[in-house]
Amino acid sequence: MPDVWIGFNSDDRRRYWWRNGIVALALAAVMVAMSLTAQGPGGWWLVGVFGVFSVAVVLSAISSIYGRVLLTAAGLEIRTLARKRSIPWSEVAGIERRQRVSRSGIWWDLRIVRVGRRSLTIPGTFTNRMMDAELERKQAVIQERWSLAIGD
């Protein structure tokens, strides 16, 4: 079977860019307000910490939006902004759908449950739509590849 890429399509990427762009603008506005009202070295230290936090949030969002997974006969290759990681199918104990509740709503994503190691979120699979056909398709493709690889 040919290798398969799992990730966001261009419409989903654009939608998440808008959401994250609004968050980035809000963080920038808070930083400007903090810098204008900062008094003394303690205030500037707080602005610097908030600035580092803001950069981390933006980089995490970019990594989530552009991260992808390549499904091969040997396993999964997770590619994000910061790193590339290979996971052989023999390490995979399951693929699960996870629900997270936050102030901004309810989110679902897919996770790789690994044997004897921590679970990993699969990039390009989070959504806030309850019945997302695209997420279900991605889960079915990953499950099928995993079943074929382990001979199930």
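The values are calculated or read from the model by the stated rules, or taken from the named source; none is laboratory data. This is a predicted model, so every value here is computed, not measured. Note that each Cβ is placed from the backbone with ideal geometry, even for glycine, and that neighbours are counted across all protein chains shown. Only protein heavy atoms, including side chains, enter the accessible area calculation; ligands, DNA and RNA are left aside. Shrake-Rupley method; radii C 1.70, N 1.55, O 1.52, S 1.80 Å.
Brief remarks on what is shown
- Filter result for R85 (open to solvent by 40 Å² or more (accessible area, probe 1.4 Å), farther than 19 Å from G7 by Cβ and either in contact with a Gly (Cβ under 9 Å, 6 or more places away or on another chain) or not in a helix (DSSP H, G or I) (or both)): no
- Of all residues making up region 29-53, the number that are open to solvent by 50 Å² or more (accessible area, probe 1.4 Å) and assigned to a helix (DSSP H, G or I): 15
- Of all residues making up region 105-143, the number that are of a type in the set (S, T, Y) and out of contact with any Phe, Trp or Tyr (no Cβ under 9 Å at 6 or more places or on another chain): 2
- Residue match in region 103-121 (condition: at pLDDT below 85, out of contact with any Ser or Thr (no Cβ under 6 Å at 6 or more places or on another chain) and part of a strand (DSSP E or B)): yes
- For L71, the test of being open to solvent by less than 90 Å² (accessible area, probe 1.4 Å) and within 28 Å of I112 (Cβ to Cβ) is passed.
- Restricting attention to region 95-128 and to residues that are without any contact (Cβ under 8 Å) to a residue 12 or more places away in the chain and among the basic types (K, R), the residue that is nearest to L76 (Cα to Cα) turns out to be R118.
- When A26, A56 are screened for being open to solvent by 40 Å² or more (accessible area, probe 1.4 Å), without any contact (Cβ under 8 Å) to a residue 12 or more places away in the chain, farther than 26 Å from L120 by Cα and part of a helix (DSSP H, G or I), only A26 passes.
- Scanning region 6-19 for residues that are open to solvent by 50 Å² or more (accessible area, probe 1.4 Å) and in contact with a helix residue (DSSP H, G or I) (Cβ under 8 Å, 6 or more places away or on another chain), we see that the one that is farthest from V55 (Cα to Cα) is N9.
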